[in-house]
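Read the structure below first, then the notes.
The values are calculated or read from the model by the stated rules, or taken from the named source; none is laboratory data. Fair warning: this is a prediction, and the values are worked out from it, not measured in the lab. In this analysis, Cβ positions are derived from the backbone assuming ideal geometry, glycine residues included, and neighbour counts consider all displayed protein chains. For the accessible areas, the whole protein counts, side chains as well, though only heavy atoms, and no ligand, DNA or RNA atoms are used. Shrake-Rupley method; radii C 1.70, N 1.55, O 1.52, S 1.80 Å.
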Amino acid sequence: MSSTPLPLHWTLALLAFLAIMPCHAGAQTLPETRVTIVPDAVWSPPETEAKQDFKCETGKVLIGRKRHLGDDENSDENDDTQYLCGRPMQHGAPVTLKDPEHSPWYKEHDHVFVAPADAFVTGRYHWKDEEGNSRYQFHRGVNTRGEKVWTQPEGEWYKHSEGGAPTFTCPDNQVIIARSHDGDENGETGYLCASLWAAPQRDAVGTIVLLDSKNVPCTLDVPNIPTGATWTYILRAVHSPCRPDDATAIQLFMVPSATRIVLGDGDTCEKRLSWIELRTNQQPTRMEGQGEGVKFPDLFKVANNRVIRPGVIKVDGDPKTNDLLKVLSCVRITVSAEPPAPTR
């Protein structure tokens with residue numbers, strides 16, 4: 001029996017549908033802009049915790065850390081530490097890492113290190129016990145097309161006691177971007193992992209201004225990232241343009257339409273503590289608040305899905321007890337749709 005060929009536009013539509021159907025053949029299918037991580041087959045050689053000078057091999061990033069128990073069944077600075085690294089890959093080729101950079105020195109017993117939004121950890125230095133100093137090596141990267149790599153924190157901090165010889169590795173295709181430690185060698189250690197992304201980027205397309213109680217501003221660029229992509233500013237990060245726990249008001253300048261902005265009291269903008277989500281719907285959007293910004297409590301006074309100021313909608317939020325005042329530690333920017341052309 002003969003069959004009638006499908007019209008061309010039907011065929012193209014069918015092919016497009018099949019292209020976005022999930023693959024069930026085994027391997028995880030990642031977006032083209034996502035960077036994959038190929039882990040090393042073995043951990044680094046053991047080194048005494050009190051004399052750490054570890055760096056991943058050239059072109060690799062840190063994805064895991066392992067502690068060892070001593071004779072007394074507890075871990076201390078005389079016991080060994082190992083690391084696991086991986087190679088970031090995109091479009092079938094390794095991501096190129098730029099020159100190494102280093103954090104300040106921290107006291108090990110009470111510190112938090114977070115890499116910048118476009119950087120990831122590649123090494124750690126530590127001397128002596130919990131009173132000794134620690135610092136971190138980090139890199140930024142570009143793919144073979146010259147596109148800048150950036151990080152997207154995934155989930156919340158992973159925290160555990162150092163006392164039980166823990167082994168920590170990031171989930172598949174994620175890397176370490178932050179570490180914290182509180183207490184002695186058996187105290188609590190935390191890690192923050194992130195996925196890596198790379199895509200064509202141009203200059204910033206807008207600006208978010210945060211103001212403190214004295215009306216002193218700091219600025220965060222709204223990056224020109226692909227539709228559906230996310231950029232997260234962790235304000236505790238090294239070289240962050242804004243300090244955490246300072247801001248009391250916000251302004252927007254030339255922010256494209258269809259941009260979602262989450263302000264949160266948590267390093268990954270998790271919607272668990274005090275937080276609010278805004279969405280722009282003008283091209284471009286400007287919100288000044290009579291030169292002093294819009295105060296955070298005024299953002300929460302507006303009902304969900306209502307206009308805060310022309311061009312800015314409150315999507316949702318939870319003020320808890322502080323209305324985000326002086327607790328803001330994260331700003332997450334997502335391009336939710338292709339913005340329309342500017343209105344003439």
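Computed values, structure above
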| item | result |
| --- | --- |
| Order by protection proxy (mean Cβ within 10 Å, highest first), peptides 174-180, 321-327, 298-304 | 174-180, 321-327, 298-304 |
| Whole-angstrom gap from segment 86-141 to segment 255-274, using each part's C-alpha centre | 25 Å |
| Label-point gap, in nm, between Asp245 and Asn186 - each point 7 angstrom along Cα→Cβ | 2.8 nm |
| Heavy atoms of Asp80: accessible area, 1.4 Å probe, square angstrom to 10 | 50 Å² |
| Alpha carbon centroid spacing (whole Å) that separates segment 154-205 from segment 217-235 | 20 Å |
| Largest-first ordering by accessible area, 1.4 Å probe, given options Met254, Met89 | Met254, Met89 |
| Segment 117-260, Cα convex hull volume normalised per residue, Å³ | 144 Å³ |
| Segment Asp172-Thr227, extension gain: residue separation times 0.36 nm, minus the distance between their alpha carbons | 17.4 nm |
| Over segment 245-304, volume per residue of the alpha carbon convex hull, in Å³ | 102 Å³ |
| FRET efficiency, Asp80 to Thr58 (Cβ-Cβ, R0 22 Å, nearest 0.05) | 0.40 |
| Asp129/Asn322 FRET efficiency (R0 41 Å; Cβ-Cβ; nearest 0.05) | 0.65 |
| Entries of Lys128/Lys214; Lys148/Lys271; Lys159/Lys314; Lys98/Lys214; Lys98/Lys320 with Cα pairs more than 31 Å apart | Lys128/Lys214; Lys159/Lys314; Lys98/Lys214; Lys98/Lys320 |
| Solvent-accessible ranking of Thr227, Thr334, largest area first, probe 1.4 Å | Thr227, Thr334 |
| Cleavage-rule hits, GluC sites (Glu not before Pro), segment 44-153, DSSP coil, Cβ neighbours within 10 Å at most 15 | Glu57, Glu73, Glu131 |
